[in-house]
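First up is the structure itself, then whatever we jot down about it.
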Protein chains: 2
Amino acid sequence: MVKQKIPEMVIKRLPVYLRYLEYYGESDREYVSSFELGQKLGLNPAQIRKDLAYFGEFGKKGLGYEVGFLTKKIRKILGLNQEIPIAVIGGGNLGLAISRYNVYRGQNFKVTAIFDVDPGKVGLKVNGIPIKHVDDLPGEVAREGIRIVIIAVPAPHAQQVADVAVKAGITAILNFAPAKLKVPSFVRIHATDVTCELQTLAYYLQGEGVVPKAPAESLKADEVEINEVETTLDGKVVSTESE
Amino acid sequence: MVKQKIPEMVIKRLPVYLRYLEYYGESDREYVSSFELGQKLGLNPAQIRKDLAYFGEFGKKGLGYEVGFLTKKIRKILGLNQEIPIAVIGGGNLGLAISRYNVYRGQNFKVTAIFDVDPGKVGLKVNGIPIKHVDDLPGEVAREGIRIVIIAVPAPHAQQVADVAVKAGITAILNFAPAKLKVPSFVRIHATDVTCELQTLAYYLQGEGVVPKAPAESLKADEVEINEVETTLDGKVVSTESE
DNA sequence: TAGATTGTTAATCGATTAACAATC
DNA sequence: TAGATTGTTAATCGATTAACAATC
């Protein structure tokens, strides 16, 4: 039977639900409702129910969702039941920071190797993780079963290491380099770009002059006239956001 | 006159356009068309024209957009004409990596201070940037005119440093901590969450077993029946993406 | 039972894309 | 002029939200 296509936005929210369930689910609470979840995460309860309903009927009418049960379900949906070996390409500041970043603990991600081209770095270990030469990437992917690579090299080298990774059989890439990478359509790339984020934030800084400080809640941004600045406030000066 | 509300999606794409214009615009090409821009960035040309049209008529019919002119316009729209002082909170691996990350050069962002609570770190300098105590944050915000803070502290401390920053008058935050932060509605938070990104990628890894290797282009993912796994492929196994 | 909350359909909202007259 | 490409309107598409019967 042909299953329904799941919208990407839904998949992106699952980790957000999962985190809430794991953090706060450590309390004694046995059930959580879509309403409470929505409150805490700033999301519409109907959306949460709809998201979860793509994968099955996980809730109990009148009660909500059993926290432990839902947690396990979401982990299974995301494929987090087996350990997933990942590699970091780039042994610079950012690459090493990411490698040492122990947020993967308990999340079943394991950084098995760091790759660099600097002979002065190759052979060293960082937090027990060996730094290897980029030329060894294909061999390591095969040997360690690496599934995801995180690219943390300077922008001018990003495309070429992406090519190497894809050739080695990698189909999932998390790119921190400020560069648009071209990869075959079967490879999934997610990008995290500090510069773009800062530039976007910079835009919204401009609104400030006209935003009345006190009654910020009641402000209807799109009705405010702007003088000095050429551009406008977005209606949502709100925060929210994640994923 | 009341200006139009600009959708957030539009603002998020402006830095993407800007980067293309600045990188490739260093060539001799004087004009770029929405078609070419779309090709390179994987976006619909009509969307690009529409995005730019929110802010004015920047193009020349029959020619396209003058690269230098459009670059300047977008920088102006984003408010990148003056230097924007930013601060990094968290002097750990990630915080220091971000602080040293020289991608801000020429982008008019300047990290003026790093904040930490570790007495062993406070007083040191990293790349010429002083590490100060978090208690000094409000003073520094006032003195240096800090506009944006980047939060790179462990998740359990993220909310409390966000509170300090907001109290100090910060209205734009880039959060790297894996935590959902609550801030007043006039404060803008963008979050970058490695764990969420990896978990999302993990979901799409599962499709692979059923994806025929050779004719990946012709695969209609949503028509593929899945056996072992409970969930399905998203139609877009494509890459694209940025921001 | 009465109250609560789900799963799901229908309504709304917003974003993307197609199409084309205007014009360089 | 002929070809190209804009700015913009209309059409499409998809995602979010509201509403409610089902039911614990």
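Taking every pair of alpha-carbon atoms in region A:8-78, give the share separated by more than 17 Å as a whole percent.
Values: 793 of 2485 pairs.
The share of Cα pairs beyond 17 Å in region A:8-78 comes to 32 percent.
Size of the dipole of region A:84-192 about the Cα centre, Lys and Arg at +1 and Asp and Glu at -1 on the beta carbon, nothing else charged, in debye to 20? All intermediate terms of the calculation are to be shown ahead of the outcome.
On the way: 12 positive and 7 negative charges, 64 e Å.
That gives region A:84-192 a dipole magnitude of about 300 debye.
In region B:1-121, what percentage of the DSSP-assigned beta bridges are antiparallel, given to the nearest 5? Numbers along the way, then the final one.
Working: 4 of 10 bridges.
Once the DSSP bridges in region B:1-121 are tallied, antiparallel ones form about 40 percent.
Along the charge dipole of region B:1-98, which of B:84, B:56, B:35 sits closest to the positive end, that is, farthest toward it, with unit charges on the beta carbon of Lys, Arg, Asp and Glu (+1, +1, -1, -1)?
Towards the positive end, the residue furthest out is B:56.
Measure up A:5/A:72; B:12/B:50; A:182/B:40; A:40/B:182; A:12/A:50 against 18 Å on the Cα-Cα distance and list the ones that go over.
Values: A:5/A:72 22 Å; B:12/B:50 14 Å; A:182/B:40 9 Å; A:40/B:182 9 Å; A:12/A:50 14 Å.
Violating the 18 Å Cα-Cα cut-off are A:5/A:72.
Which peptide among A:122-130, B:151-159, B:114-122 comes first, and what is the full order, when sorted by highest mean count of other Cβ atoms within 10 Å?
Working: A:122-130: 13.3, B:151-159: 19.6, B:114-122: 17.4.
The most tightly packed comes first, giving B:151-159, B:114-122, A:122-130.
Give me a single rounded figure for A:167-173: the average over its residues of other chain Cβ atoms within 10 Å of their Cβ. Show your work: numbers first, answer last.
On the way: counts 0, 0, 2, 0, 9, 9, 2.
Partner-chain Cβ atoms within 10 Å, mean over residues of A:167-173: 3.
Among the listed pairs A:60/B:180; A:76/A:132; A:76/A:110, give every one whose C-alpha distance is greater than 21 Å.
Working: A:60/B:180 26 Å; A:76/A:132 32 Å; A:76/A:110 18 Å.
As for pairs spanning more than 21 Å Cα to Cα, those are A:60/B:180; A:76/A:132.
Averaged across the residues of A:181-187, what count of C-beta atoms belonging to other chains lies within 10 Å of each residue's C-beta?
Average neighbour count from other chains, rounded to a whole number: 6.
Read the figures in this text as sums done on the coordinates, not as results from a lab. Everything quoted here is computed from the prediction, not taken from an experiment. Note: ideal-geometry Cβ built from the backbone for every residue, glycine included; neighbour counts use all protein chains shown.
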